[in-house]
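Below is one structure, written out as structure tokens, with a few remarks after it.
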Amino acid sequence: MMKKEDLRIVYMGTPEFAVESLRCLVEGGYNVVGVITMPDKPAGRGHRLQPSPVKQYAQEHGLPLLQPEKLKNEDFLEALRAWQADLQIVVAFRMLPQVVWAMPRLGTFNLHASLLPQYRGAAPINWAVINGETETGLTTFFLRQEIDTGEVIRQVRVPIADTDDVGAVHDRLMLLGGQLVTDTVDDILAGRVTPIPQEQMPTDTPLRPAPKIFKDTCRIDWNRPAKQVYDFIRGLSPHPAAWTELQQPGQPPVVLKIFESDKLPQPHSLTPGTVQTDGKTYLRVAVADGFVGIRSLQLPGKRRLSVEELLRGFRLAGPAQVE
């Protein structure tokens, strides 16, 4: 059996979620011969180019690095071939063309933050929380042409508490993902892998997708029941954050980002979106079957505040509505 020190691994990833798996490989003594990440992107008020978290880690540890604009570029492919990878690992990167994922002799596997075949797509953690799931997980699978459809190698199941926001679930999955990646490499080295086609995996519920989330996706629909609004808010907190527009008589609308809320089942005859407050300690919004209490939120250009902090400096004028 080949030793992990001799197995030539190329690692592909970009965000913070992908750093933990790379760290586990490096600190575990695996032979990472190269790292591929996205090109630097402008960020912040000065729009200065910022390296990805994976790039920062790779540079700090002296790992060879490529940042291709296009994955079919011949110069990039030549540089990738020169690394002579036995295995490629992908964590939160981008869709690979076949010429890339089929290159290593042992193939390319991906770490995906869901229990495939559920939640295929770019935002599986967000959508699992938004949809009120009580369980999610991680899957390693061999890449094939269709996105997130390859044969499954390993899975880990992870509970979601009703109080978890997407940030908490993300961090839990990120830490467990590093261990799952190294366990998967060990299985491949030991010849213990028997990949399972996803179409043969039993599912109790219809398959749900996890498409990319855009700004319009994050707008709150106050006509929904309290539980659905509550799950929607925590499924987007702390990033990219659910939002709504506060409408007050005689004033321009104000965009509010909402990070924390409570479910308040209580009969009423108010129009969904009606805002109630005592001006000091609480702010709540009428929904289809009760109220959603707002616990923390953010005004444009301001820091995140508790509702008590906000109400000390922001006075609601007359009957207010959110929509």
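Of note:
- Among (1) exposed (fewer than 14 other Cβ atoms within 10 Å of the Cβ); (2) of a type outside the set (Ser, Thr, Tyr); (3) under 25 Å from MET2 (Cβ atoms) - the single one GLN145 does not satisfy: (3)
- Residues that are within 15 Å of the chain's Cα centre (by Cα) and assigned to a helix (DSSP H, G or I) were ranked within the range 230-243; the one that is surrounded by the most Cβ atoms within 10 Å (Cβ to Cβ) is ILE233.
- Among the conditions (1) modelled with pLDDT of 95 or more; (2) under 20 Å from THR149 (Cα atoms); (3) of a type in the set (A, V, I, L, M, F, W, C), LEU66 misses just one, which is (2).
- Answer residue from the range 69-109, given it is surrounded by 18 or more Cβ atoms within 10 Å (Cβ to Cβ) and of a type in the set (S, T, N, Q) and is nearest to PRO15 (Cα to Cα) among those: GLN88
- Pairs, first closer than 14 Å to TRP83 by Cα in the range 95-106, second of a type in the set (Gly, Ala, Ser) and part of a loop (DSSP other than H, G, I, E, B), C-beta under 6 Å, six or more apart: PRO104/ALA85
- Members of the range 209-229 that are without any contact (Cβ under 8 Å) to a residue 60 or more places away in the chain, touching a Phe, Trp or Tyr at 6+ places or on another chain (Cβ under 7 Å) and either in a helix (DSSP H, G or I) or not charged (D, E, K, R) (or both): CYS218
- Just so you know, in the range 175-203 the residues that are over 22 Å from the mean Cα position of the chain (by Cα) and under 12 Å from LEU115 (Cα atoms) include one that is surrounded by the most Cβ atoms within 10 Å (Cβ to Cβ), and it is MET201.
- Considering only residues in the range 273-323 that are over 31 Å from the mean Cα position of the chain (by Cα) and in a helix (DSSP H, G or I), the one that is surrounded by the most Cβ atoms within 10 Å (Cβ to Cβ) turns out to be LEU311.
- Of the numbered criteria (1) buried (at least 21 other Cβ atoms within 10 Å of the Cβ); (2) at pLDDT below 95, the one LYS4 fails is (1).
The values are calculated or read from the model by the stated rules, or taken from the named source; none is laboratory data. These numbers were taken from a predicted model, which means no experiment stands behind them. We place every Cβ from the backbone using ideal geometry, glycine too, and count neighbours over all the protein chains shown.
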